[in-house]
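Asks: Below you will find the structure I want to go over with you.
Each value in this text was obtained by applying a stated rule to the coordinates, not by laboratory testing. Please read these numbers as outputs of a predicted model, since none were measured by experiment. No Cβ is skipped: glycine too gets one built from the backbone with ideal geometry, and neighbour counts run over all protein chains shown.
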Ligand SMILES: Cc1ncc(COP(=O)(O)O)c(C=O)c1O
């Protein structure tokens, strides 16, 4: 069946909003996507019908437990984990990373080295900087090129030595949209004996994650970026998780993954994460040849292919529309031949036109986009725009339309005069 964006949009009540009689173009998706009705229905159902403590003998508890186990299986399928024990959940990526950095930090000692990336959101920087401060670790920085918006992995090799214990890096940038070669980064880090911690928050809405192929040790993402509720998803390689010290209360289980799950889990959010995963799998209906009886992982692969195909059309149209404006500097890969190395997040900076003024005037036309550093302090500083208001970020996903992209380009054109 051919892709039908209007059919998709009908599932997202939030997209029906109007502003002064104009349909709203919601393009602030890198900050959090809209949610299909299925997600909210499943969350409501969890609260209305299986709202119970886990592990009891009575029906409500048994059913609640079954739903939680099913959500763990779905999340394991999402990242291609070996087993459900490798996956757990928490408030959001930032909270999970602060917590897990303490457990990982218990393996480190003064003088050990960690590698952080200039491309990362602060949620994959501050927890490690604070750990370094607490433990006397040496911090080394992996720079990216402000011209190509990519790393040179020779730089990573040069940073590694016998004392390197961890490399923390994003799978995709929330500013430039660059997708990093995590498999290659993992291979370099592992050769030196370092663990690899991957922030997949901005990749997860756009591509199928395969932790086995990536070869990393930890990977974390957030469901509100992929059509789900505000809840973080954590994956850790079992043999590494087994070595970590959990910071937990004494009566809590010592088994993985529960020993890393502090307090009562947010079961309604878990139901929503599961539903968001099912939603992505349901997009496989637009790809011919996916049998209805296919497994969840196969349907997810097809669903992501469907989304990526549409994402790429919108991304290229946006880039092609912005390129002719010579005051506009696109802060990411623009070569159509390299589109596989970026997600659809397109940031740009306009000389002598404050980004905040531009997005404010766009908001007046019902175009919902963001300006500012988006917690990407390091990348914005590296791009030379941190103290100049940073850029404008436009992040289309599969429910956005070509018409919405054209509205953005027209609005920029008008603002430039
Ligand atoms: C790349 C990246 N990492 C981490 C985060 C933080 O995620 P959370 O809000 O789940 O803590 C964000 C949020 O925008 C992000 O874009």
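Asks: Just to be sure I understand: of the beta bridges DSSP finds with both ends in the chain, what percent are antiparallel, rounded to 5? Please report the intermediate quantities before stating the final value.
Replies: Details: 22 of 41 bridges.
Here the share of antiparallel DSSP bridges comes out near 55 percent.
Asks: Based solely on its DSSP helices, what 222 nm [θ] is calculated for the chain when runs of n ≥ 4 H residues each add -39,500 (n - 2.57) and the sum is averaged over all residues, nearest 500 deg cm²/dmol? Mind dumping the intermediate values first?
Replies: Values: 14 runs with 160 residues, N = 417.
Only helices count here, giving -11500 deg cm²/dmol.
Asks: Which whole-number value in Å³ per residue fits the convex hull of the alpha carbons of the stretch 41-277?
Replies: On the way: hull volume 26.2 nm³, N = 237.
Looking at the stretch 41-277, the number lands at 111 Å³ per residue.
Asks: Would you calculate the convex hull of the Cα atoms in the stretch 335-374 and tell me its volume per residue in Å³?
Replies: Convex hull of Cα atoms, per residue: 102 Å³.
Asks: Given the alpha-carbon gyration tensor of the stretch 150-281, what are the semi-axes of its equivalent ellipsoid in whole angstrom, ordered largest first, with each equal to the square root of 5 times an eigenvalue? Please report the intermediate quantities before stating the final value.
Replies: Values: eigenvalues 149, 94, 22 Å².
Values for the stretch 150-281, descending: 27, 22, 11 Å.
Asks: Continuing with the same structure: How large are Rg and Dmax for the stretch 163-213 when calculated on the C-alpha trace, in angstrom?
Replies: Using the Cα atoms of the stretch 163-213, the pair Rg, Dmax is 11.3, 35 Å.
Asks: From the square roots a ≥ b ≥ c of the eigenvalues of the alpha-carbon gyration tensor of the stretch 284-417, which class results: rounded (a/c under 1.5), prolate (a/b over b/c), or oblate? Mind showing how you got there, number by number?
Replies: Numbers: a/c = 2.36, a/b = 1.92, b/c = 1.23.
Taking the square roots of the gyration eigenvalues as a ≥ b ≥ c, the stretch 284-417 is prolate.
Asks: Counting only C-alpha contacts under 8 Å and six or more residues apart, can you give the relative contact order of the stretch 54-111 as a whole percent?
Replies: Values: 23 pairs, mean separation 9.2, N = 58.
Dividing the mean separation by the residue count of the stretch 54-111 yields 16 percent.
Asks: Something else now. Using the alpha carbon gyration tensor of the stretch 1-118, what are the three equivalent-ellipsoid semi-axes (square root of 5 times each eigenvalue), largest first, in whole Å? Working shown, then result.
Replies: Details: eigenvalues 230, 147, 42 Å².
Over the Cα atoms of the stretch 1-118, the semi-axes work out to 34, 27, 15 Å.
Asks: Turning to a different aspect of this structure: Mean-square fluctuation check for the chain, GNM, Cα pairs under 10 Å: which of 117, 361, 390 is largest?
Replies: Ranking 117, 361, 390 by mean-square fluctuation puts 361 first.
Asks: May I pose another question? With a cut-off of 8 Å between alpha carbons and a minimum separation of six or more residues, what is the relative contact order of the stretch 41-277 in percent?
Replies: Values: 431 pairs, mean separation 60.2, N = 237.
Rounded, it is 25 percent for the stretch 41-277.
Asks: Mind pulling the per residue volume of the convex hull built on the Cα atoms of the chain? Å³ is fine.
Replies: Details: hull volume 59.4 nm³, N = 417.
Normalising the Cα hull of the chain by residue number yields 142 Å³.
Asks: May I pose another question? So, by mean Cβ neighbours within 10 angstrom, what's the order for 75-84, 334-343 with the highest one leading?
Replies: Working: 75-84: 19.7, 334-343: 16.0.
Most protected by this proxy first, the peptides run 75-84, 334-343.
Asks: Considering Cα pairs under 8 angstrom that are at least six residues apart, work out the relative contact order of the stretch 1-109 and quote it in whole percent.
Replies: 11
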